[in-house]
Amino acid sequence: MKALKHLSMAAMFGLISTLSLSAVAQGMDPSKTGGTAASAAADMTDGEIRKVDKDNKKLTIKHGDIKNLDMPGMTMVFQVKDPAMVDQVKVGDKVRFKVEKASSGFVVTELQPAAK
């Protein structure tokens, strides 16, 4: 009986370990699973402001690869989550930003000056 109990516990431990490794292998969002600041910084994309449209609350950004969206580098127009973002930048500014896909299009959710 004790052997069966130990075997059951070992099997359960193996299953839990496998599920945990599977979640990591599937690339679960580290921000929702206790990820580090380094992984959060990796979600940021480098870009350069090409146009600021304050009336429509949009930024045109020439950007590198956006990894979380599997998008190659290009120049495109983004909506902003916070309208104050359009007042924080001007044409030519180098920035780091985070973008998410929303039902209305691609939205910049975080924006900061690029390190010089």
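Every number here is computed from the coordinates shown, using simple stated rules; none is lab data. Everything quoted here is computed from the prediction, not taken from an experiment.
Tabulated data for the structure shown
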quantity: Over 18 Å (Cα to Cα) - which of K90/K116; K57/K90; K54/K116; K51/K116 fall in this group; calculated: K54/K116; K51/K116
quantity: Potential extension, D87-M74 segment - 0.36 nm per residue separation minus Cα distance; calculated: 2.4 nm
quantity: Reference-scaled alpha-carbon Rg (2.2 N^0.38 Å with N residues) for segment 43-113; calculated: 0.96
